[in-house]
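Colleague: This is the structure I want to talk about, given as structure tokens.
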Amino acid sequence: MRDASDVFPDDLRALLEAQERADREAAWTRLLSRHNPLLLHVTKSVARRSEDSMDAYAMVLEELRADDFRRLRAYDADGRSKFTTWLVIVVQRLCFDFVRRRYGRHRGDATNGNGQSVAAVSRRHLHDLLSGTIDLASIVDEHGKELDAPIREQELQAHLERALGELGAEDRLIVKLRFEDGLTAREIANLIGLSTQFHVYRRLSAITDSLRQRLAERGVDGSAP
Amino acid sequence: MESHEAAPRHPPTEQLAAFLERRLLGSERQVLIEHLADCAECRHDVTTTSRVLSSARASRRRRLIQPIVGVIAASLVFVLVSRVQPNRPDRTGDERSQGVNEPDAMTPIVIVSPANGAASGRNTVLMWRADAPSALYKVAVLDSTGTVKWSERTTDTSVVIPDSVPLSAGATYYWTVDALRQDGRATTSGAHWFTR
């Protein structure tokens with residue numbers, strides 16, 4: 001079991017059990033001073049512009065205090081995780097919602113340095129991997145693009161979805177983490193609990209081989225529509 | 001590629017936190033992995049949290065190592081300063097044999113503010129408790145390489161670091177107070193630090 005103070009910090013207990021307003025305020029100040037660096041770290045990592053991160057930070061404090069600390073009261077310490085891990089998830093959600101409200105961006109829509117969606121680039125990468133080799137004949141001039149290309153793209157996508165659905169849950173998760181979310185092999189290893197990134201590479205290689213075989217059985221032998 | 005309809009019930013936040021800390025086992029872990037494979041929103045929660053926790057750990061490591069380097073550097077400076085302390089009268093044979101004033105001579109100066117690691121803006125005030133009546137204090141501010149950025153002699157128990165001292169925003173600085181008492185004996189606060 002974890003250290004009890006990690007699972008349910010004394011400051012949090014004091015805050016939630018305080019009867020008097022002054023005691024509650026004092027406990028809130030103590031809790032805040034203990035976790036302030038982490039809260040600031042989260043707000044800065046989500047809202048990267050300085051003024052946004054400070055606004056997000058102020059909003060987070062307001063939301064955590066709202067309705068007599070309703071969000072903090074929802075914390076259900078089951079002894080397996082630290083309060084800080086739970087707090088980071090909650091604060092991140094608040095910050096992503098804040099950014100989405102301010103800029104209208106969906107919280108999953110990460111972009112790379114060229115403004116392209118990470119998910120779109122990663123999906124293209126998966127298609128290319130499954131094609132095995134790049135076929136010169138598949139590079140089509142935009143002006144001469146066949147009219148049924150979008151339909152064939154949809155068909156290809158549907159075949160891929162079905163092939164992915166046949167994988168085991170952990171393999172499917174690894175594919176999504178790599179090709180949908182753009183995580184590095186090291187990040188995936190850390191998240192899934194594999195020893196090194198090389199284990200991830202080996203799993204990915206086996207998964208793409210399996211997907212390629214499943215697609216070939218459906219008559220799909222390349223990534224071009 | 002996926003929709004939320006495929007995974008309508010999200011797991012509790014505590015379960016995501018336990019997964020991140022590798023505390024989920026057996027069927028519970030398997031069920032969560034199946035959910036994560038189909039739910040972009042929960043996957044987003046765990047991937048971003050994992051990244052934030054990793055970077056928080058890395059910056060905490062940096063914060064822990066930096067003061068150690070600074071304390072070593074500041075201690076070296078203090079040792080050098082102590083060695084060249086002038087006019088330090090030798091104690092009598094009686095004092096040496098009876099250990100007179102020995103504990104008192106070793107009492108360090110108590111720092112009042114700023115607290116170790118506190119963030120400090122412009123016009124930083126350094127305060128400490130009086131060591132002995134009419135003691136002369138020497139305050140020194142050092143950077144993380146041990147270079148003295150500013151020093152001051154005073155009989156007061158506080159000083160303000162002038163604006164003219166070039167301290168970088170976000171950097172960590174170390175400071176010491178050495179007291180020279182009227183009887184010629186000296187004591188120190190040891191190294192303390194603040195961030196600008």
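Colleague: Of A:Trp86, B:Trp193, which has the most accessible area and how do the rest follow, probe 1.4 Å?
Modeller: Output order, biggest surface exposure first: B:Trp193, A:Trp86.
Colleague: For the stretch A:4-103, state the average projected area of the convex hull of the C-alpha atoms over all orientations, rounded to one decimal in nm². Let's see the in-between values first.
Modeller: On the way: hull surface 25.3 nm².
Quarter of the Cα hull surface area: 6.3 nm².
Colleague: How much of B:His44 can a 1.4 Å solvent probe reach, expressed as accessible area in Å² and rounded to 10?
Modeller: 30 Å²
Colleague: Tell me, what % of the accessible area of the stretch A:4-103 is carbon and sulfur with a 1.4 angstrom probe?
Modeller: Carbon with sulfur: 46 percent of the solvent-accessible area.
Colleague: Over the whole of A:176-183, what's the average partner chain Cβ count within 10 Å per residue? Rounded to a whole number, please.
Modeller: The shielding value for this peptide is 4.
Colleague: Sort B:Glu41, A:Glu17 by heavy-atom solvent-accessible area, probe 1.4 angstrom, most to least.
Modeller: Greatest to least solvent exposure: A:Glu17, B:Glu41.
Colleague: May I ask you to rank A:Lys176, A:Lys82 by accessible area, largest first, using a 1.4 Å probe over the protein chains only?
Modeller: A:Lys82, A:Lys176
The values are calculated or read from the model by the stated rules, or taken from the named source; none is laboratory data. What you see is a predicted model; the values in this text were computed from it and never measured. Backbone-built Cβ (ideal geometry, glycine too); neighbour counts: all protein chains shown. Protein only, heavy atoms only, side chains kept; ligands, DNA and RNA dropped before computing areas. Shrake-Rupley method; radii C 1.70, N 1.55, O 1.52, S 1.80 Å.
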